[in-house]
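I have placed the structure first, in the form of structure tokens, so that the comments after it can refer back to it.
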Amino acid sequence: MAVDVDLGARSYTVHFQSLASVPELLSRASSGRSPGRCLLVSDENVAAHYRSPLVQGLRDAGWTVRPVVLPPGESTKSASHLHTLYDEALEWGIDRDTPVLALGGGVVGDLAGFAAATLLRGVPLVQLPTSLLAQVDASVGGKTAINHATGKNLIGAFYQPALVCADPATLDTLPMREYTSGMAEVVKHALIQAPALFAHLEAHLVPVMTRTDRAVVADVIERAVQVKADVVSADEREEGRRAILNFGHTFAHALERAAGYGAFTHGEAVALGMRAGLYLSHRRHPQALDRDRLDHVVDAIPIPGRPEDVAFEDLYAAMASDKKNRGDTIRFVLLRALGEAYVTDDVSEEEARRAWAYACAS
Ligand code: NAD
């Protein structure tokens, strides 16, 4: 099982295999070069489950591994932890063929990815995503970043991995809230470009959301990655089509910022943002969209917090300062039909207010 990301000389494959197969995948991706050094970055939660067997497997295959374990959480995507990676790598004496392996969720993937992009002007990056969000979204497409005091992901680079290996079995240890949050990105991929995936989610909503059928979940992940791969292959640097991946994200980024990072997971914020986006889409295209049907799947993502406590004025101010805007207008992604997304700035403040009230009433 695999999905290809087609980017010419920067093409790569997303494998859905056990982490035990990483040494073999790595040697294939290194085009026959004999194993040398590799830096393995993970966070404490992930390392507790998956680091030792992976390190052992790599060493058995002839690699010299330097594991680096960082604290878990969004605050790890910082300049100081980036410098920790620089120090570990450079004081150890890596060269331009030394791969950086990112074993973890989107935090580890983004941070280690940016380190790989910048160390010696670029060393091979291997994404080993262990959260659902990282498997279906963050590990594919080459966006890497750290945060700055003024906002999230403001310092970064497009840097494609040489290889991605997403082991669906790692999701067994992912906390349930992180799992259902990751499902928001799966639902988003279905809504923007994959009606067949949407119907599949609908048909298997309970086993998918409760993680009770591993085969169904693995299938859903592969199909969701295919959407991301197709979008990224068509528009690597978000100059056009890739922007549709931001469906629900105008509201989501604003909510995360206005409520304070950590109040809602990214996926929970995206789920609320998609409800608002479906409201706006349905107002424009009522004949083409069965809003109850689409809401039903989005509503399966639990929202533990109270989004209605965030004042709309604060939310709107945060939307207006989103780095994805162009000029003074706020950009929204809407649907003209299931699977057909487009970007518009034609949403008034009053309409956004009504959409947000609708989303909060779910
Ligand atoms: P995360 O990396 O913080 O992981 C969530 C939590 O789950 C962490 O506590 C982590 O330690 C734990 N965890 C991960 N895998 C586990 C496993 N298998 N077993 C047990 N615990 C596990 O968060 P995330 O949701 O994976 O990623 C969020 C980050 O991804 C954000 O910083 C966001 O900006 C970024 N992101 C990047 C892109 C991109 O295209 N680069 C896209 C979307 C999101």
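Each value in this text was obtained by applying a stated rule to the coordinates, not by laboratory testing. Keep in mind that this is a model prediction, so the values were computed, not measured. All Cβ positions, even for glycine, are placed from backbone atoms using ideal geometry, and neighbour counts span all protein chains on display.
Structure values in brief
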{"quantity": "Unit Cα scatterers, Debye sum, segment 176-360: log10 I(q)/I(0) for q = 0.11, 0.18, 0.19 Å⁻¹", "calculated": "-0.44, -1.23, -1.37"}
{"quantity": "0 to 90° range, to nearest 10: angle between helix 79-92 axis and the chain longest Cα axis", "calculated": "20"}
{"quantity": "Residue with peak Gaussian network fluctuation, the chain [Cα springs, cutoff 10 Å], from ALA20, ALA48, ALA169", "calculated": "ALA48"}
{"quantity": "Net charge over other residues, Cβ less than 9 angstrom from the Cβ of GLY142 (K, R count +1; D, E count -1)", "calculated": "+2"}
{"quantity": "P(r) of segment 59-122 over all Cα-Cα pairs, binned every 10 Å from zero, in whole percent", "calculated": "20, 57, 22, 1"}
{"quantity": "Order of LYS188, LYS152 - criterion: other Cβ atoms within 10 Å of each residue's Cβ, fewest first", "calculated": "LYS152, LYS188"}
{"quantity": "Binned Cα-Cα distance frequencies in segment 86-156 - 10 Å width, integer %", "calculated": "22, 49, 26, 2"}
{"quantity": "Segment 2-173: translational diffusion in µm²/s, Stokes-Einstein, Kirkwood Rh over Cα pairs, 25 °C, 0.890 mPa s", "calculated": "157"}
{"quantity": "Paramagnetic reach from GLU239 (point 7 Å along Cα→Cβ, amide N under 19 Å) across segment 1-31", "calculated": "6-11"}
{"quantity": "Which of ASP230, ASP172 has the fewest Cβ neighbours within 10 Å, and the rest in rising order", "calculated": "ASP172, ASP230"}
{"quantity": "From the C-alpha gyration tensor of the chain, square roots of 5λ in Å", "calculated": "35, 22, 18"}
{"quantity": "Computed lengthening from ALA48 to SER21, 0.36 nm per intervening residue step minus Cα-Cα distance", "calculated": "7.8 nm"}
{"quantity": "Selection from LEU82, THR118, GLY156 lying farthest towards where the dipole of segment 73-161 points positive, charges on Cβ", "calculated": "GLY156"}
{"quantity": "Radius ratio Rg over Rh of segment 258-362, counting only Cα atoms, Kirkwood formula for Rh", "calculated": "0.94"}
{"quantity": "Principal axes of segment 225-293: Cα extent on each, largest first, Å", "calculated": "34, 33, 20"}
{"quantity": "Cα-projected label distance for GLU88 with ALA337, points at 7 Å along beta-carbon direction, nm", "calculated": "4.9"}
{"quantity": "Radius 10 Å from Cβ of GLU313, net charge of other residues (Lys, Arg +1; Asp, Glu -1)", "calculated": "-1"}
{"quantity": "Positive-end residue of VAL14, LEU315, ILE192, charge dipole of the chain with Cβ unit charges", "calculated": "VAL14"}
{"quantity": "Positive minus negative residues near TYR159 (Lys, Arg vs Asp, Glu; Cβ under 12 Å)", "calculated": "+2"}
{"quantity": "Helix-only mean residue ellipticity at 222 nm for the chain, each DSSP H run of n ≥ 4 adding -39500 (n - 2.57), per residue, nearest 500", "calculated": "-14500 deg cm²/dmol"}
